[in-house]
Amino acid sequence: MQITSVVNQKGGVGKTSLSVGTAAALAERGRRVLLIDLDPQGHATTEMLGLPEVPPQAPSLAKALTKMWKGPVEELVVSHPRSNIGRGGAFDVIPTSPGMFDLIRRLDQFRVPGWQLARVVQFANYDHLIIDCPPALDVLTNNALAATHGILVPVQPDRTSIRALRLLYDQLAYVEQTVGRPPIIHYGLVPGLYRRPISHYAMAALNELHTFGLPVLPHIPLGVVMNEAAANGVPVTTFAPETIQAEAFRQIAHAVDTYHANGPAPAVVPAEQDFVFEDFITDVSDARNHNDNGARKKLYDLMPKRPRPPR
């Protein structure tokens, strides 16, 4: 399974559109595709694909990442019923859930945050896994980068995207060093969210983006068809298959699929750490607090008490 993260800490650059469009185009090619909505805002789940959020009592990605639920990944998956699927393909989604908003704080409590997502999805049976990352360089994005083979980076042709790209480089180096994984492959930059004809300012920014030495993949220009497809809860490749945007997603999917056939080996997910008493106490306390409505909250309730000296 090839894992691709769609990442840029700058908001509003088209990450979700690129994630959904690429996943749908891969499924149209007959590939089995799983899209993970890792963004707590959940736009891929609700706005782009018209799927409901996970109910609070059901298994969810948030619970799986924090070990509050330890079942198979298949129980987190829902299929998207309104996409064009090629022969032998599939378009499945792990949707967002209400617990995602509180997830960053809870993941930071782990001794070595970074591999939780990789452990959840490592036995998933798909050709491609596409991760729609949040617009932040936080522990959720770090989890995606630890697990990924390569990244797609949506950018706008302006100077703010150039600065954001430099910050992303620093974050990639930090994750590679912290979790000890091989270098992350750059599948390419995807310029988008600009109007045609392109302005002189945008063209100058595009030329500067080319100086980074990264592949520049087909552009995704603005178009009302993207909003109309989202309003109907279907990918643009299904809603308007003859448009420029749909064809661009197919070309991007082809580029990602080419790496699938000839790409590098994945990062090796480390085994779970040996038993650590402090972690055990934390897990038991979290489970108890979850089940007793927070009546008792302090970890020291579970720790051995020293007898008081006689007076």
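Things worth noting here:
- Region 222-245 and region 200-218: distance between their alpha carbon centers, rounded to Å: 25 Å
- Karplus 3J(HN,Hα) series, Hz, for region 51-59 with 6.51 cos²θ - 1.76 cosθ + 1.60 (x for Gly, Pro): 9, x, 5, 5, x, x, 7, 8, x
- Extended-chain gain in nm, criterion 0.36 nm per residue less alpha-carbon gap, GLN122 and ASN227: 34.4 nm
- Low-density loop cleavage sites - chymotrypsin sites (Phe, Trp or Tyr not before Pro) in region 42-103, where at most 16 other Cβ are within 10 Å (DSSP): TRP69
- Taking amide H as placed 1.01 Å from N in the peptide plane, ILE131 has its amide H under 5 Å from the amide H of THR4, SER5, VAL6, ILE36, each at least 5 places away in sequence or on another chain.
- At most 11 other Cβ within 10 Å, DSSP loop - trypsin sites (Lys or Arg not before Pro), region 1-91: LYS70, ARG87
- Shape class of region 87-221 from the Cα gyration tensor (axes a ≥ b ≥ c, square roots of the eigenvalues): prolate, since a/c reaches 1.5 or more and a/b is larger than b/c.
- Cα gyration tensor category, rounded, prolate or oblate, for region 2-273 with a/c compared to 1.5: oblate
- Sequentially through region 115-122, phi angles give Karplus couplings (6.51, -1.76, 1.60; θ = phi - 60°) of 9, 4, 5, 4, 5, 5, 9, 5 Hz, Gly and Pro residues having no value and appearing as x.
- ILE185 versus PHE101: modelled label distance in nm, points set 7 Å from Cα along the beta carbon direction: 3.8 nm
- As a rough guide to protection, the peptides 45-51, 145-151, 208-214 ranked by mean Cβ packing within 10 Å, highest first, stand as 145-151, 45-51, 208-214.
- The spacing between region 16-92 and region 131-197, judged by their C-alpha centroids, is 20 Å.
Laboratory data are not the source of any read-out in this text; all were calculated from the coordinates shown. From a predicted model like this one, the values you see are computed outputs, not experimental measurements. Note: ideal-geometry Cβ built from the backbone for every residue, glycine included; neighbour counts use all protein chains shown.
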